[in-house]
């Protein structure tokens, strides 16, 4: 009987060791809640709704509540991560570079989203109102341009860098430049005639006339906020590295493993949630490390030197 009982205990122990990865209680006292930062650039209600599935899935797997914090701009999420007030965020490459340049040990990039063809880059797209008659950058001389956010890769860093490389000083070429307060808000500002042009992010795949396969324009169309017939796409940037999902480096490794395990399989196990949190169609999450963003870090460093 003792042998039989021992065998049953061993069998139960083996079964427990093969259960799916879930959180243990030992770190919960130090991390009683898992906090997700949501970048600005989309109205708050939409951001919360689109990420609710992520919060639910991670809470079930971690065994602690997950709270979402929508910031009014990119800087709010960046500072939250630097201050240890957030554990997780999906950033643009420039936002990640900005954090890295302040504290290389603050966050760890885990994944970027793969596009519809499996690639891991996207573009900045410059747009004007369809009825403006402006169909090229040259026609924007003396006109106004809305950048999205000073910490946006596609909505500021890359377009400004590419304009400069083409010999265009944005402070002299345009009548004025400004920040729309986010990608969605900048599009709305152009549609309302507050600016003549703006820049935003898109997959660069699919038809521009349909808002591409993924990105801010695609999300605005899905939310009933935009018809692409109201816009002209007048310029596209070279390919930009997709922005990362990051976690704070100092959270327990088990937490990182649980988050990584969910995201690595999200497209297969939770496809609608993948679509919602990644702004459209794609082929899942691809693991990356810091080296993937070194070019953007260098670009951001140059931008900072130029602003001093």
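For residue 211, the criteria (1) more than 21 Å from residue 93 (Cβ to Cβ); (2) crowded, with 23+ Cβ neighbours inside 10 Å; (3) in contact (Cβ under 8 Å) with a residue 24 or more places away in the chain hold in every case but one, which is (3). On inspection, residue 139 does not qualify as surrounded by fewer than 24 Cβ atoms within 10 Å (Cβ to Cβ) and under 28 Å from residue 68 (Cβ atoms). Looking across the range 270-296, the residues that are surrounded by fewer than 18 Cβ atoms within 10 Å (Cβ to Cβ) and closer than 14 Å to residue 153 by Cα come down to 294, 295. Considering only residues that are assigned to a loop (DSSP other than H, G, I, E, B) and free of Cβ contacts under 8 Å to residues at least 12 places away in the same chain, which ones fall in the range 74-103? Result: 83, single match.
Across the range 218-231, the qualifying residues are those that are in contact with a helix residue (DSSP H, G or I) (Cβ under 7 Å, 6 or more places away or on another chain) and crowded, with 21+ Cβ neighbours inside 10 Å, and the one among them that is farthest from residue 145 (Cα to Cα) is 220.
Starting from residues that are assigned to a loop (DSSP other than H, G, I, E, B) and touching a helix residue (DSSP H, G or I) at 6+ places or on another chain (Cβ under 6 Å), keep the ones in the range 190-211 and report whichever is farthest from residue 276 (Cα to Cα). Here the residue is 195.
Evaluating residue 215 against the criteria (1) in contact with a strand residue (DSSP E or B) (Cβ under 6 Å, 6 or more places away or on another chain); (2) on the phi < 0 side of the Ramachandran plot leaves one unmet condition, (2).
Every number in this text was worked out from the coordinates using simple rules, so none of it is lab data. Source: prediction; values computed, not measured. All Cβ positions, glycine included, derive from the backbone under ideal geometry; neighbour counts span all protein chains shown.
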